[in-house]
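Q: Structure below; questions to follow.
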Amino acid sequence: MEVKDLENTQWDLLDLGKEETLEEDLATIKKLASEIESQKKDYVSAISMEKFREIFKHYEDILVALSQFTTYAYLKFYKNTADARAQALTAKADQIEAEIKNKILFVELGFKEFDDKNAQRLISASLPYQHYLERLRELKPFTLKEDVEQAINIKDTTGISALISLYEVFTSDFMFDFEGKKITKEELVKFVRDPLPEKREMAYQNLLGRYQQNKNTLSLMYQTVANNWKNEMELRKYPSPLSIRNKRNDLYDQDVEVLLKVFKKNISLFQDYFKEKARLLSMKKLRRFDLYAPFRKTVKHYTFPQAKEMVLASFQPFPEFVQYASAIIENHLDSEPNPGKRGGAFCHYPNHITKPYVMMNFVGDVNSVRTLAHELGHGIHAMLSSQKNNYFHYDPVLPMAETASTFGEMLLLDFMKKQSPELIQELTLGQLDDAYATIARQFHFVLFEKEAHELIKNGGSREDLEHLYLKMLREHLGDAVDVDDIFKYEYLYIPHIYHTPFYCYAYGFGLLLSLGLYTRYLKDPSFKKNIIQIFSAGGNDTPRNILKKAGIDMDEEFWQSGFDCLQELLKEARNYRLDAAESSP
């Protein structure tokens with residue numbers, strides 16, 4: 001099925017603004033910023049509660065308006081990264097954002113400098129903003145002087161932010177010659193799941209070969225990202241590069257170390273699975289090219305309307321999910337792959353009053369259907385959170401944000417198994433494939449980042465990074481999978497390690513948490529209210545506290561329970577036998 005035949009949908013950006021009124025919108029934002037800046041002299045420790053609330057509400061209003069403008073600019077850009085006008089608009093948005101945030105920076109920085117007694121007085125009287133204000137106080141040790149923070153904001157617009165935009169433009173422009181056609185990266189990647197082993201290898205060689213051709217440029221970009229992260233760590237006195245992300249995720253370093261520790265104990269689960277997969281595919285041993293090989297020679301395809309109906313039907317046990325997902329699909333989702341469009345998929349929620357936007361590249365395979373469920377899960381999370389939270393609390397931290405998304409995928413898989421019992425084996429094996437991709441692969445990236453950042457700090461070269469990545473990948477897959485040398489360039493293809501260092505453990509956190517939530521829900525359907533409670537909390541407390549209120553302790557035993565669920569799936573897989581006529585080598 002050709003991409004043009006998939007009946008894809010496009011979004012409407014009217015809820016964010018109109019191009020012809022952007023200058024007027026900007027003038028309003030600048031005026032509001034100047035007005036709040038004029039109150040800086042009154043912003044002192046002894047400020048009255050009424051005045052503090054007034055300033056903070058104006059501060060929130062400015063951030064909401066600014067988020068509308070910057071989201072409009074970036075969604076235009078992601079739709080076509082080769083569009084010169086969109087490129088110029090994002091550059092302008094970055095510059096304006098830095099300018100506005102520098103004017104109002106004193107609101108956060110000043111509060112951090114208030115004495116403890118007055119800070120606590122204001123926190124106690126500001127219940128809607130309580131957790132956010134507590135977080136500001138916690139971040140005080142990592143905050144620099146106002147003029148330094150302002151300088152960083154300005155320099156970032158032409159520094160690290162510009163570099164990341166350059167990476168997006170550069171890699172989004174890649175086109176690939178495949179079977180006599182020019183295709184986009186998203187269209188090429190679906191062939192890594194092709195039934196034919198030679199086609200899977202050709203897809204990977206084509207994909208990673210392009211990154212190999214540009215290895216000097218892309219590696220230099222990555223080294224610059226790592227060095228910028230190191231500078232951030234040293235300037236702000238964080239104990240480690242990973243600590244920066246943990247603190248932004250409202251997690252203790254210990255929380256993440258426990259999670260990684262439990263993962264390392266369970267890595268053999270995935271290695272054992274790949275041995276089983278080789279048996280089921282009648283292969284002596286898997287190659288890295290075969291990791292996502294399908295279990296059937298015939299691959300089912302779906303149009304976008306078919307995928308939409310399937311996902312919405314799977315969400316039926318949770319009426320709120322259906323309501324919010326339908327609202328997003330109506331006019332806030334863009335699914336059509338096009339040259340120049342940003343790769344991958346994401347859900348962006350600019351603020352608590354605007355419906356989330358979803359971008360994906362729907363190519364008609366099962367993975368596209370799952371991606372739709374995943375991204376809509378993000379959007380549902382944001383809309384549930386927006387019902388009860390303000391701008392500062394509606395946005396869940398990254399690990400919690402990856403929970404509703406993976407929960408959405410679980411609902412879809414369960415639905416597909418019930419609707420098509422003949423596909424239970426294939427879908428269960430697919431769950432193990434995806435568990436590897438969401439948990440083990442993502443933790444591998446984080447463990448690589450830890451080593452790579454240290455290597456770069458000590459003057460490591462591009463060749464050193466390639467050697468490190470290949471060595472760690474081979475150790476990660478053990479004796480279960482043969483890894484071709486071309487995969488030493490794979491790290492250059494992972495956008496998250498460029499634009500959001502150490503992001504990726506959030507995926508594993510989210511899926512393991514979802515496994516725990518879903519297991520409890522199946523045993524006790526009344527647990528549904530606890531799940532809605534977790535998603536509705538957004539970022540109004542720490543992940544530890546949000547889960548605790550729902551009856552979950554975020555400890556080693558809980559994370560192990562998620563791996564135990566996967567072990568049960570692996571036990572099932574050991575009893576499977578695939579029809580030779582159906583199985584894909």
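Residues checked against (1) free of Cβ contacts under 8 Å to residues at least 24 places away in the same chain; (2) part of a loop (DSSP other than H, G, I, E, B); (3) closer than 21 Å to Trp11 by Cα:
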| site | (1), (2), (3) |
| --- | --- |
| Val363 | no, yes, yes |
| His374 | no, no, yes |
| Gly379 | no, no, yes |
| Ala382 | no, no, yes |
| Lys388 | no, yes, no |
| His393 | no, yes, no |
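Q: Answer yes or no: is there a residue in region 8-22 that is more than 30 Å from the chain's Cα centre (by Cα) and exposed (fewer than 14 other Cβ atoms within 10 Å of the Cβ).
A: Just the residues of region 8-22 that are more than 30 Å from the chain's Cα centre (by Cα), to begin with: 20-21.
Going one step further and asking which of them are exposed (fewer than 14 other Cβ atoms within 10 Å of the Cβ), we end up with 20-21.
Checked region 8-22: at least one residue is more than 30 Å from the chain's Cα centre (by Cα) and exposed (fewer than 14 other Cβ atoms within 10 Å of the Cβ).
Q: Would you say Lys57 is under 17 Å from Ile353 (Cβ atoms) and surrounded by fewer than 19 Cβ atoms within 10 Å (Cβ to Cβ)? Let's see the steps before the verdict.
A: Details: under 17 Å from Ile353 (Cβ atoms): yes; surrounded by fewer than 19 Cβ atoms within 10 Å (Cβ to Cβ): yes.
In short, yes.
Q: Would you pick out the residues in region 73-107 that are over 24 Å from Met175 (Cα atoms) and hydroxyl-bearing (Ser, Thr, Tyr)? So that I can check it myself, show each step before the final result.
A: The first filter runs over region 73-107 and keeps only residues over 24 Å from Met175 (Cα atoms), leaving 73, 89, 91-107.
None; the set is empty.
Q: Can you report the number of residues in region 347-368 which are among the hydrophobic types (A, V, I, L, M, F, W, C) and either more than 25 Å from Glu186 (Cα to Cα) or at pLDDT 95 or above (or both)?
A: 5
Q: When residues of region 33-78 are filtered for being acidic (Asp, Glu) and more than 30 Å from His348 (Cα to Cα), how many remain? Before the answer, list the steps.
A: At the first step, the residues of region 33-78 found to be acidic (Asp, Glu) are 35, 37, 42, 50, 54, 60-61.
Going one step further and asking which of them are more than 30 Å from His348 (Cα to Cα), we end up with 42, 50.
Number satisfying all stated conditions: 2.
Q: Being over 21 Å from the mean Cα position of the chain (by Cα) and over 24 Å from His374 (Cα atoms) is the requirement here; does Lys285 meet it? Quick ask: steps written out before the conclusion?
A: Details: over 21 Å from the mean Cα position of the chain (by Cα): yes; over 24 Å from His374 (Cα atoms): yes.
Against the criterion (over 21 Å from the mean Cα position of the chain (by Cα) and over 24 Å from His374 (Cα atoms)), Lys285 qualifies.
Q: With respect to Leu569, is the statement that it is at pLDDT 95 or above and either surrounded by 18 or more Cβ atoms within 10 Å (Cβ to Cβ) or among the aliphatic types (A, V, I, L, M) (or both) true? First the steps, then the outcome.
A: Values: at pLDDT 95 or above: no; either surrounded by 18 or more Cβ atoms within 10 Å (Cβ to Cβ) or among the aliphatic types (A, V, I, L, M) (or both): yes.
In short, no.
Q: For Thr354, which of the numbered conditions (1) farther than 29 Å from Tyr493 by Cβ; (2) assigned to a helix (DSSP H, G or I); (3) among the β-branched types (Val, Ile, Thr) fails to hold?
A: So Thr354 meets the others, but not (2).
Q: Follow-up. Taking the criterion of being crowded, with 19+ Cβ neighbours inside 10 Å, within 22 Å of the chain's Cα centre (by Cα) and at negative phi, would at least one residue in region 264-281 satisfy it?
A: Within region 264-281, none of the residues are crowded, with 19+ Cβ neighbours inside 10 Å, within 22 Å of the chain's Cα centre (by Cα) and at negative phi.
Q: Also: If I ask for residues that are out of contact with any Phe, Trp or Tyr (no Cβ under 6 Å at 6 or more places or on another chain) and either over 21 Å from Ala86 (Cβ atoms) or surrounded by 21 or more Cβ atoms within 10 Å (Cβ to Cβ) (or both), which ones from region 342-356 would you list? First the steps, then the outcome.
A: Restricting attention to region 342-356, the residues satisfying the condition of being out of contact with any Phe, Trp or Tyr (no Cβ under 6 Å at 6 or more places or on another chain) are 343-347, 349-350, 353-355.
Residues satisfying the conditions are Cys347, Tyr349, Pro350, Ile353, Lys355.
Q: Out of region 386-423, which residues are of a type in the set (Ser, Thr, Tyr) and under 21 Å from Leu136 (Cβ atoms)?
A: Step one: of region 386-423, the residues of a type in the set (Ser, Thr, Tyr) are 386, 391, 394, 403, 405-406, 420.
Scanning region 386-423 gives Tyr391, Tyr394.
Q: Examine region 497-517 for a residue that is part of a helix (DSSP H, G or I), farther than 21 Å from Ile267 by Cα and free of Cβ contacts under 8 Å to residues at least 12 places away in the same chain, and state whether such a residue exists. Outline the logic, then answer.
A: Start the filter on region 497-517 by keeping residues that are part of a helix (DSSP H, G or I), which leaves 497-499, 505-517.
Pick out the ones that are also farther than 21 Å from Ile267 by Cα and you get 497-499, 517.
Then drop every residue that is not free of Cβ contacts under 8 Å to residues at least 12 places away in the same chain, which leaves none.
Scanning region 497-517, I find no residue that is part of a helix (DSSP H, G or I), farther than 21 Å from Ile267 by Cα and free of Cβ contacts under 8 Å to residues at least 12 places away in the same chain, so the answer is no.
The values are calculated or read from the model by the stated rules, or taken from the named source; none is laboratory data. The structure displayed is predicted, hence computed values, not measured ones. Because the Cβ atoms are built from the backbone with ideal geometry, glycine has one as well, and the counts that use them run over all protein chains shown.
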